[in-house]
Structures are given as C-alpha cells and as structure tokens.
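Only one structure is covered here, and it is reproduced in the block below.
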Amino acid sequence: MGILQGKNILVTGVLTDSSIAFHIAKLAQEQGATVLLSSYGRVMSLTTRIAGRLPQPAPVIELDVTNQEHLDALAERVREHVLHLDGVVHSIGFAPEAALGGNFLNTAWEDVATAVHVSAYSLKSLTMATRSLFKGGGSVVGLDFDATVAWPKYDWMGVAKAALESTARYLARDLGAENIRVNLVAAGPIRTMAAKSIPGFDEFEKVWNERSPLEWDVT
C-alpha cells in the first residue's frame, strides 16, 4: 500500500512526459492516489494524449487559471470525478518572450503582468478555487525556482518566482487554521519544454554548473 492510498490529487501543468508535473502524477498514482489533470485551450489534446502514458487513466479538466469562469467552475468539474481533494499541485508558469532573454530593462508592463498573473497570482487563484474541496485539510504544493539570484536571461520570470514564494507564505498563513498546508519545492534547471523555451537557456545552464555547490549537471 502506497503512502497516498485513497488520496485524490489534482495536478496542473502536464504538457509532455518530460514535464515535472507528469512525473509527479505518475509517482502519485504509483503510491495509490487518484489523479486528475488540468489543461487548457489548444494543449488540451496534448495533455489528454500524455495522460494515456500514466499507469492509470486520469481525467483532464479544462482550466485556464486566468479565466475566472474556469476557476468558478473548477470545484464542480472536479466533483464529476471525485467528491473531495487531498492535494493540489501547482505546476504553472509562463512569461511572454519579451519578458525573458535579457530584455529586463525594456519589458512592457503588459508582459510583466502576464508573467506575474500566470506564474504567481495563479497559486492563489487555484488554491481558492479548490478550497471547498478540502475536507478537514489538505496540501497545496507549487513548483519553484531559486528567486534569490538574478539568473541570466530569466529576467521577469525570476521576479514572478519571487512573487510566487511570497504568495505561498501568505496563503500558508491564512489557510493554516483550516489545516491546509501550502509549500513550494524547487529543482535545478531541467530540460523540460518550458525550460527550452527560455531564450539563452544554454547560458543559464552554464552559470548553474558554475554555482552549484555539488557541481551537479543540469538534468
């Protein structure tokens, strides 16, 4: 019996089988959890195909975290499959090309706002949209990257990650009384689809290898 036997977990952000979220979903199923996935728009079909590579079937719920109608309907959509949730995985991040790649000083507010909305504020949106599904408590886990360093080319996504970290702290403060835990976990650079979309990711990798205390290579 796995440590997640009988638990229901919503996992966002599965795009390919190299996505961190995919491996979270896979491990959760292997540990006994019932997993639901979310996706949006034109990548829904991709997520649905990738879901077929999981050990067990996983329904895919449409969710655009910038769409209030989707957020308002999320709890009802989840209840079509399970009666409650024990955990939510926030694996969502996006920044327009103009907000990455060394253009920090010239990035327009509209692009910054998109990066912060999708990558940071969405943690609050997702948590509040699923709050009613936690019966007696639950766990919200988000994926982070070190926001204490000004990484090459990461630019406004680094700022968004700093906002994500602060958002998690305030959510933990306000929801702790409901036994809802909010935590972030961080890995080093991993060559996912999201990472490869960062202009100048090779330079990012080089600096990581130089600064990593254990001199681990990028995964």
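Can you tell me which residues in the range 25-50 are within 18 Å of the chain's Cα centre (by Cα), of a type outside the set (Ser, Thr, Tyr) and either crowded, with 22+ Cβ neighbours inside 10 Å or assigned to a loop (DSSP other than H, G, I, E, B) (or both)?
ALA25, ALA28, VAL35, LEU36, LEU37, ILE50
A quick yes/no check of all residues on (1) touching a Leu at 6+ places or on another chain (Cβ under 9 Å); (2) surrounded by fewer than 21 Cβ atoms within 10 Å (Cβ to Cβ):
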{"residue": "ASP155", "(1), (2)": "yes, no"}
{"residue": "VAL159", "(1), (2)": "no, no"}
{"residue": "SER166", "(1), (2)": "no, yes"}
{"residue": "LEU175", "(1), (2)": "no, yes"}
{"residue": "ASN179", "(1), (2)": "no, yes"}
{"residue": "VAL182", "(1), (2)": "yes, no"}
{"residue": "ALA186", "(1), (2)": "yes, yes"}
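Could you check the range 8-24 and list, in sequence order, the residues that are crowded, with 20+ Cβ neighbours inside 10 Å and either in contact with a Gly (Cβ under 7 Å, 6 or more places away or on another chain) or acidic (Asp, Glu) (or both)?
ILE9, SER19, ALA21
Here are some residues: ILE50, ILE61. Which one is of a type in the set (Val, Ile, Thr) and in contact with a Lys or Arg (Cβ under 6 Å, 6 or more places away or on another chain)? Explain how you work it out, then say what you get.
Numbers: ILE50 fails: in contact with a Lys or Arg (Cβ under 6 Å, 6 or more places away or on another chain).
Within the list ILE50, ILE61, the selection yields ILE61.
May I ask you to list the residues in the range 77-105 that are within 23 Å of GLU178 (Cα to Cα), charged (D, E, K, R) and in a helix (DSSP H, G or I)?
Those that are within 23 Å of GLU178 (Cα to Cα), charged (D, E, K, R) and in a helix (DSSP H, G or I): ARG77, ARG79.
Mind checking which residues of the range 64-82 are in contact (Cβ under 8 Å) with a residue 40 or more places away in the chain and over 22 Å from PHE145 (Cβ atoms)? Talk me through it step by step, then tell me what you get.
Quick first cut of the range 64-82, residues in contact (Cβ under 8 Å) with a residue 40 or more places away in the chain only: 65-66, 71-72, 74-75, 78-79, 81-82.
Correct list: LEU71, ASP72, LEU74, ALA75, VAL78, ARG79, HIS81, VAL82.
List pairs: first residue in the range 30-44 and under 17 Å from LYS7 (Cα atoms), second residue among the acidic types (Asp, Glu) and crowded, with 16+ Cβ neighbours inside 10 Å anywhere in the structure, Cβ distance under 8 angstrom, at least six positions apart or on different chains.
These pairs meet every condition: ALA33/ASP86.
I need every pair where a residue in the range 106-130 that is part of a helix (DSSP H, G or I) has its Cβ under 6 Å from the Cβ of a residue that is of a type in the set (Phe, Trp, Tyr), sequence separation at least 6 or different chains.
VAL112/TRP156; ALA115/TRP156; VAL118/PHE94
Can you report the number of residues in the range 90-118 which are surrounded by fewer than 16 Cβ atoms within 10 Å (Cβ to Cβ) and of a type in the set (Phe, Trp, Tyr)?
Total satisfying the criteria: 1.
Could we say that ALA58 is outside any loop (DSSP other than H, G, I, E, B) and modelled with pLDDT of 95 or more here? Break it down into steps so the answer makes sense when it comes.
Values: outside any loop (DSSP other than H, G, I, E, B): no; modelled with pLDDT of 95 or more: yes.
No; evaluated as a whole, the condition is false for this residue.
If you check GLY142 against the conditions, is it over 12 Å from the mean Cα position of the chain (by Cα), outside any helix (DSSP H, G or I) and crowded, with 22+ Cβ neighbours inside 10 Å? Break it down into steps so the answer makes sense when it comes.
Details: over 12 Å from the mean Cα position of the chain (by Cα): no; outside any helix (DSSP H, G or I): yes; crowded, with 22+ Cβ neighbours inside 10 Å: yes.
So GLY142 does not fit the description; no.
With within 20 Å of ASN8 (Cα to Cα) and of a type in the set (Lys, Arg) as the only criterion, which of ARG173, ARG131 stands out? Write out each step before concluding.
Values: ARG173 fails: within 20 Å of ASN8 (Cα to Cα).
Of the residues listed, the single one that is within 20 Å of ASN8 (Cα to Cα) and of a type in the set (Lys, Arg) is ARG131.
Output the residue which, of all residues in the range 141-156 that are among the small types (Gly, Ala, Ser) and closer than 21 Å to HIS90 by Cβ, is modelled with the lowest pLDDT.
Applying the first criterion (among the small types (Gly, Ala, Ser)) to the range 141-156 yields 142, 147, 150.
Now narrow it down to the ones that are closer than 21 Å to HIS90 by Cβ: 142, 147.
Working: GLY142: 98, ALA147: 92.
The qualifying residue modelled with the lowest pLDDT is ALA147.
The values are calculated or read from the model by the stated rules, or taken from the named source; none is laboratory data. As the structure is a computational prediction, the values presented were derived from the model and not from experiment. Backbone-built Cβ (ideal geometry, glycine too); neighbour counts: all protein chains shown.
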